[in-house]
Amino acid sequence: ITTSSGGALVSSSREKIELGRKLATQGRDDAPHYQHSMIGYNYRMSNVCAGIGRGQMEVLNDRISQRRENYIRYQEIFESINNSGYSIAFQEESPKAYSNRWLTAIYMDPERNKGKTREELRLYLEELNIEARPLWKPMHLQPVYEGALYFGTSVCEELFKHGLCLPSGSNLSKEDWIRIEDALWEFFT
């Protein structure tokens, strides 16, 4: 649920809600003057955006169902493609969670996919006016953080290098799916 401004925070924990409110109001302390003991941001939601969010909540279950169906459809397509000698991977759902599958992404290691790369697939789909994007670029690789300290492994770099977000909208039509599936088969055959 985007509420036209990035979303809403929901929690059953009073402490987490209070921290969220504090962070969303620029980290301001509860004082009669402007005082900030932590860094926060201006993420407050307007009443108009809140109204949009309330309306979106009415269709939330339908949207999640549609997104989960997208994921299943992609799994079926790539199961057949993988049976023809490729190895396209998906992020599995944790046994302790229920994913909304808002975005379907694949992992394409060229060493396991006959040299075909994520970027080649992305560009191929782009030529057919089918939008696909790389996974998010890691924060430590963003120009704004160039030179900043980084603690971690190379997992996020590998995901960015080989991961691709596929069309995942709740409103994909039958015709859209035919185009997407045909394009994927053409690329991999």
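Descriptive notes on the structure:
- For the chain, built as a Gaussian network whose Cα springs stay under 10 Å, the top-fluctuating residue of 81, 17, 106: 17
- Remark: spin-label model distance residue 86-residue 11 equals 4.1 nm, labels positioned 7 Å along the Cα→Cβ axis.
- At full extension, residue 44 and residue 127 could sit 25.9 nm farther apart than now, given 0.36 nm per residue minus the alpha carbon distance.
- Figure legend: label point modelled 7 angstrom from the Cα of residue 186 along Cα→Cβ; residues of the stretch 128-144 with amide N under 14 Å from it are 128-131.
- The relative contact order of the chain comes to 17 percent, based on Cα pairs under 8 Å that sit 6 or more residues apart.
- Given charges at beta-carbon only (K, R positive; D, E negative), |dipole| of the chain in Debye: 700
- Among (i) 15.3, 45; (ii) 22.2, 74; (iii) 20.6, 67, the entry that matches Rg and Dmax of the Cα atoms in Å as calculated here: (iii)
- Total lysine pairs whose alpha carbons fall under 24 Å of each other in the chain (8 or more apart, or interchain): 5
- Paramagnetic reach from residue 165 in the stretch 83-104 [backbone N under 12 Å; point 7 Å along Cα→Cβ]: 102-104
- Under-5 Å amide H pairs with residue 104, H placed in peptide plane, nonlocal only: 166
- For the stretch 14-85, GluC sites (Glu not before Pro) are listed when DSSP marks them as loop and at most 11 other Cβ atoms sit within 10 Å of their Cβ; the list is 58.
- Theoretical FRET efficiency, 1/(1+(r/R0)^6), r = Cβ-Cβ of residue 29 and residue 140, R0 30 Å, to 0.05: 0.50
- Cα centroid separation, the stretch 90-108 to the stretch 1-47 (Å): 28
- Simple spin-label estimate for residue 117 and residue 174 gives 3.9 nm between the two label positions (7 Å along the Cα-to-Cβ direction from each Cα).
- Rounded to the nearest 10 square angstrom, residue 144 shows an accessible area of 120 square angstrom against a 1.4 Å probe.
The values are calculated or read from the model by the stated rules, or taken from the named source; none is laboratory data. Note that the structure is a prediction, hence the values are computed from the model and not measured. Heads up, the Cβs are rebuilt from the backbone with ideal geometry, glycines too, and the neighbour counts pull from every protein chain shown. The protein model used for the area step is the full one, side chains on, heavy atoms only, and it has no ligands, DNA or RNA in it. Shrake-Rupley method; radii C 1.70, N 1.55, O 1.52, S 1.80 Å.
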